[in-house]
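Data first, discussion second: the structure below is written as structure tokens.
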Amino acid sequence: MKRELGVCYYPEHWGEAVWEEDAARMKSLGLSWVRIGEFAWSRIEPKPGAFNFEWLDRAIDVLGAAGLKVVMSTPTATPPRWMVQKYPDMLALDEAGQPRRFGSRRHYCFSHLPYRDECRRIARALGERYGNNPHIQAWQLDNEYGCHDTTLSYSPHAEAGFRAWLKEKYGTLGALNAAWGNVFWSMEYATFKGIGLPNQTVTEPNPAHMMAFRRYSSDQVAAFNRAQADVLKSYTSVPLIHNYMGRITEFDHFDVAADLDIASWDSYPLGFLWDRIDTTEVHRKRFLRQGDPDFQAFHHDLYRAVGDGRWWVMEQQPGPVNWAPYNPAPLTGMARLWAWEAYAHGAETVCYFRWRQAPFAQEQMHSGLLRPDGKPAPAFAEVEHLSEELALLPDVAPHQADVAIVFDYPSCWAWEVQPQGADFHYFRLVYEQYRAARSLGLSIDFVQSWSPQIPTYKLLLVPGLMTMPAILRDMLAQFEGTSLIGPRTNSKTTEFSIPTPLPPDLPGLDCTVEFVESLPPNVKYQLEGGGAFRHWAERLTGEAEVALTRHDGAPAVMSSGNMHYVGGWPDREGWERLIASACEAQGIATVRLPEGVRIRETGRHRFAFNYNSTAVTLDGVRIPAAGVHWEDL
């Protein structure tokens, strides 16, 4: 499949006199795709029911005439002022009960059904007008679900919707009270109307109550997305896409993707280095202008799974952004490296955000491929070089890796509801395991806990999976590869109770977690032979083989054949030891890469990426700073 480049463009921000010149320059640069319209509701429908499509018609015609393919967007992330005046109760409420007011974006509650109907209406109007337009080759629905902490809303509409959801799920109050353990602290309910939202309680709310609300809230995102998807499918057969974000885990992306054709995400490596990654100041300083060497790849692999193999980068950082605590400029070469890394992980298209830097409003400090005056910004030349390379390189489609990690959004909600330690976060646990595997030169796939592909992998990593579905348990019983499971896996029921038998309750593994402890930052359990447990440790008992011990003699890993349960949170050295040993058992080659260097293998090529600010040598090949090297397999 041909790999392509694109850009995000806002014709409503610029006079029509520059549209043709912009389109011609985009095409000359080697761009194929242009995303438009995701924030333009006030220009498309200035007053209720009074549409102004003419300017949008002309913009689409100009872009299409230049040979560009258009991603048309529904503008539902930015309801206009008249919409809020029409439905003042459509605003989401935060946990403190304060409204998310007009004057920015994403100011709606997913549970507000009249607004959902308005979104169907605008999607229908756009579909009727542009569903058969040959220039429009894809649609984006909304923009960045969950961004700015907008998944959870504590509004009256959310409360009413939650009660209806609970009644459908549990049927009777007796079933709900029993499932939640509401006999504790006299929390039993006599009516469904008596059930409120789990906020503003004196101390922590019942975790089962909170978990149910998290599941409900995720379902609302999926339902909101489905409402628009169902409308547009009546008017177009081109792919439907949504652009997810980095480390946004408040809703189940797999559920949303069930109604879409392509997953995409918005990649901002330098911004994410400061506000999405748990790391040291030394690490941030080293990769200040390059971004973390694994964070982008992690999401490439995750969204490849979410999109069932089809995925894009819808927004790629080209220069300094405006929203992070600190906003340095990328090292020369990184705009090219980030794109090549995306292609190596299977991206069909990489779109840069944005074409021209805006001179006004909230994002005026966010750079683009052009400066506000229309002159090329530094990334322009890198994209020009990249487009020339893409024309020469054959297919870089990925193939299945030897190693898979189970990723589960409900597990993330569970450990946010009851972390049992300030440092315990599911994303961080999975990410550190992923980073250790990548530092050994491994390519990684993500899978869901019920994926039928699981038996085809040589190594399966299952960190922190709250509840193990029966299908995964059955697959593990027959799994011919090696599995590393834990910590904290299978430790709760779906209703957030401690199960019996006690965890991990794995087939053929006589191992029980007697108790758990969370560790402060200055406390570690050293592992025999190197590495340590930090953040989290479990007391393991049973007749299974003790494959690794802690320095105090307690079991750290207990095993049965090729199944291994990890009773703690290893540091980087510990994870690397465990993963390397598991790979050796399966004949998977590993290599300890230089710091900041990563490898990704596709069906035909082996790519190496140098995230360092200085050149490195790998297998006799010199890779320049912020450089990419590939070779045939």
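Every number in this text was worked out from the coordinates using simple rules, so none of it is lab data. This one's a predicted model, so the numbers in the text were calculated from it and none came from an experiment. Heads up, the Cβs are rebuilt from the backbone with ideal geometry, glycines too, and the neighbour counts pull from every protein chain shown.
Points to keep in mind about this one:
- Of Lys27/Lys375; Lys492/Lys524; Lys2/Lys458; Lys86/Lys167; Lys285/Lys375; Lys2/Lys27, pairs whose Cα-Cα distance is over 20 Å: Lys492/Lys524; Lys2/Lys458; Lys86/Lys167; Lys285/Lys375
- Close amide H pairs (under 5 Å, H built 1.01 Å from N) link Arg35 with Val7, Cys8, Tyr9, Val71, residues at least 5 positions away or on another chain.
- The GluC sites (Glu not before Pro) of segment 546-633 meeting both criteria, a DSSP state outside H, G, I, E and B (loop) and at most 14 other C-beta atoms within 10 angstrom of the site's C-beta, are Glu595.
- Segment 420-462 shape via C-alpha gyration tensor axes, a/c threshold 1.5: oblate
- Phi-based couplings in Hz for segment 550-556 (Karplus 6.51, -1.76, 1.60; Gly and Pro marked x): 7, 5, 8, x, 6, x, 9
- The mean of 1/r over all pairs of different alpha-carbon atoms in the chain, once inverted, gives a Kirkwood hydrodynamic radius of 25.9 Å.
- Selected from Tyr9, Phe360, Trp180, residue furthest toward positive end of dipole (the chain; charges at beta carbon): Phe360
- Note on segment 164-209 and segment 587-617: Cα centroid distance 51 Å, given to the nearest whole angstrom.
- Segment 432-557 shape via C-alpha gyration tensor axes, a/c threshold 1.5: oblate
- Using every pair of separate Cα atoms, the Kirkwood estimate puts the hydrodynamic radius of segment 513-559 at 10.9 angstrom.
- Net charge dipole size for segment 403-586 [Lys, Arg +1 and Asp, Glu -1 on Cβ; Debye, nearest 20]: 400 debye
- By definition, a body whose alpha carbon gyration tensor gives a ≥ b ≥ c is oblate when a/c is 1.5 or more and a/b is not larger than b/c, and segment 182-331 fits this oblate description.
- Under 5 Å, built H, 5+ apart or other chain: amide partners of Val591: Gly441
- Amide hydrogen neighbours beyond the local backbone of Ala556, cut-off 5 Å, H modeled: Leu548, Thr549, Arg550
- Axial C-alpha extent at least 30 Å, average Kyte-Doolittle at least -0.5 - helices from the chain (DSSP): 207-232
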